[in-house]
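In what follows, a structure is listed as structure tokens, so that the remarks can point back to it.
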Amino acid sequence: MNPDLVMYEEEFQQIQAVCTRLHRDASAKAVLLIDKNGQLIADAGDVANLDTVSLSSLTAGNVAATGGIAKLLKEKEFTGQYHEGEETSVHMTLVAQRVILVILFDERTSLGLVRLRVRKAGEEIAKIFEAMLAKVAEPSAPSIFSEITDEDIDNLFKD
Amino acid sequence: MSFINYSAREINCKIVYYGPGLCGKTTNLQYIYARTAPAAKGKMISLATETERTLFFDFLPLSLGEIRGFKTRFHLYTVPGQVFYDASRRLILKGVDGIVFVADSQIERTEANIESFENLELNLIEQGYELEKIPYVVQYNKRDLPNIAPLDELRGLCNPKGVPDFEAVATTGFGVFDTLKLVAKQVLTELRRGK
Ligand SMILES: Nc1nc2c(ncn2[C@@H]2O[C@H](COP(=O)(O)OP(=O)(O)OP(=O)(O)O)[C@@H](O)[C@H]2O)c(=O)[nH]1
Ligand SMILES: [Mg+2]
């Protein structure tokens, strides 16, 4: 079981920078980084008209199902998935066993270039997550929950 | 598995509605969706068969307000209740923070309730979780029907640990928000306790 996912400002900035660069270098339409459980972590590019919350949940479901198929076939893991559309194509990869890197792209770029850029960005993201997990595991890690009281929680559910 | 985002100031949690086929899991989410202000909800996604049985999951993202400047976001999922979708149920359970077990109160669904409850315990264990350690509540649904089992009997079968439970009629919404609020509260309390 993975520990809870925590994202601090510092690591978020680093991850955001990787996504922004990937968006530019791959000439992609948009880049999404999604937690394996379907929560959006970061995005870059043309996302204003995207329902990123729905996309994240469906992508996570898709990757989970594909992972389940791999397991049944005794494959360690399918490394990536690619869906070709008329206008937009999607490439998704699991990074560091816990986040999904999704690239939306069109004919302005190529699958080859996307794959190449994704590999590099994936390595960088994996490193950032490694550092972040180590940080979260420290006893001195800051936590919002040390400030929140039971009363705060009660108040949230008052009608 | 919650996701605490200090950068976006958000607390994200996952709640799963579990229970036998046709017990009313999807109906719970539909009611919540219908009665939540547009600003507090995202789109509800239902991956269903042509006969409206859940095929993979339903998904409804909800915001339940702020605590100390942090938005609380709950991702509600339902599993497919039909027995043969077990592999899908296991996938949906991954990363769960809180569980609502929805029982079907009808006498003829007694076996199905027991089977589903045992299936839940088993699937959690397989993933290294324990039901005792996860916030969960029980809902006895379809209390409007004539052929229902007495509450005590249902309690004995689906709630041996005596966790908080509710009677409900998901089609009219009776008990739906009580169930949701309590599990959401338990999830936040557990997060706080864990730190
Ligand atoms: N009378 C009555 N009918 C209900 C109630 N809740 C749900 N139903 C009906 O029961 C049927 C099945 O409900 P669903 O919500 O689709 O059941 P489900 O648990 O999602 O089923 P699966 O997706 O197969 O796991 C629908 O026709 C609902 O309208 C209730 O409280 N009372
Ligand atoms: Mg359903």
Note on the protein assembly as shown, DSSP bridge orientation, antiparallel percent to nearest 5 equals 60 percent
In degrees, nearest 10, the alpha-carbon axis of helix A:9-25 is tilted away from the dominant principal axis of the alpha carbons of chain A by 10 degrees
Helix-only [θ] at 222 nm, chain B, -39500 (n - 2.57) per DSSP H run of 4+, per residue, nearest 500, equals -10000 deg cm²/dmol
Accessible-area loss of at least 50 Å² (1.4 Å probe, chain alone to full protein assembly) applies in the range A:124-159 to A:Ile144, A:Phe145, A:Ile148, A:Ile153, A:Leu156, A:Phe157
Quick calc, the range A:9-156, dipole around Cα centre from Cβ unit charges on Lys, Arg (+) and Asp, Glu (-), nearest 20 debye, gives 1020 debye
So, with points 7 Å from each Cα along the Cβ direction, the B:Arg53-B:Gln82 label distance in nm works out to 0.3 nm
Any trypsin sites (Lys or Arg not before Pro) in the range A:121-159 that lie in a DSSP loop and have at most 12 other Cβ atoms within 10 Å would be A:Lys158
With +1 on the Cβ of every Lys and Arg and -1 on the Cβ of every Asp and Glu, the dipole magnitude of the range B:1-101 about its Cα centre, in debye rounded to the nearest 20, is 260 debye
The rounded separation in angstrom of the Cα centers of the range A:70-122 and the range B:96-141 is 35 Å
The lysines whose Cα lies under 23 Å from the Cα of B:Lys133, excluding any fewer than 8 residues away in the same chain, are A:Lys36, B:Lys14, B:Lys25, B:Lys94, B:Lys161, B:Lys181, B:Lys185, B:Lys195
Mean per-residue count of partner chain Cβ within 10 Å for A:60-70 equals 3
Residue-ordered couplings for the range B:8-17, obtained by feeding phi - 60° into the Karplus form 6.51 cos²θ - 1.76 cosθ + 1.60 and rounding to whole Hz (Gly and Pro as x), are 8, 6, 9, 10, 10, 9, 10, 10, 10, 8
Filtered hits (aspartates and glutamates, Cα-Cα < 15 Å from A:Lys29, offset >= 8 within chain) -> A:Asp43, A:Asp46, A:Asp51, A:Glu84, A:Glu86, A:Glu87, A:Asp106, A:Glu107
To the nearest 10 degrees, the tilt of helix A:52-72 (Cα long axis) against the first principal axis of the alpha carbons of chain A is 70 degrees
About its Cα centre, the protein assembly as shown carries a charge dipole, from +1 on Lys and Arg Cβ atoms and -1 on Asp and Glu Cβ atoms, whose size in debye to the nearest 20 is 640 debye
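The values are calculated or read from the model by the stated rules, or taken from the named source; none is laboratory data. Keep in mind that what you see is a predicted model, and the values were worked out from it rather than measured. Here Cβ is always computed from backbone atoms with ideal geometry, including for glycine, and neighbour counts include all displayed protein chains. Side chains included, ligands, DNA and RNA excluded: accessible areas come from the protein's heavy atoms. Shrake-Rupley method; radii C 1.70, N 1.55, O 1.52, S 1.80 Å.
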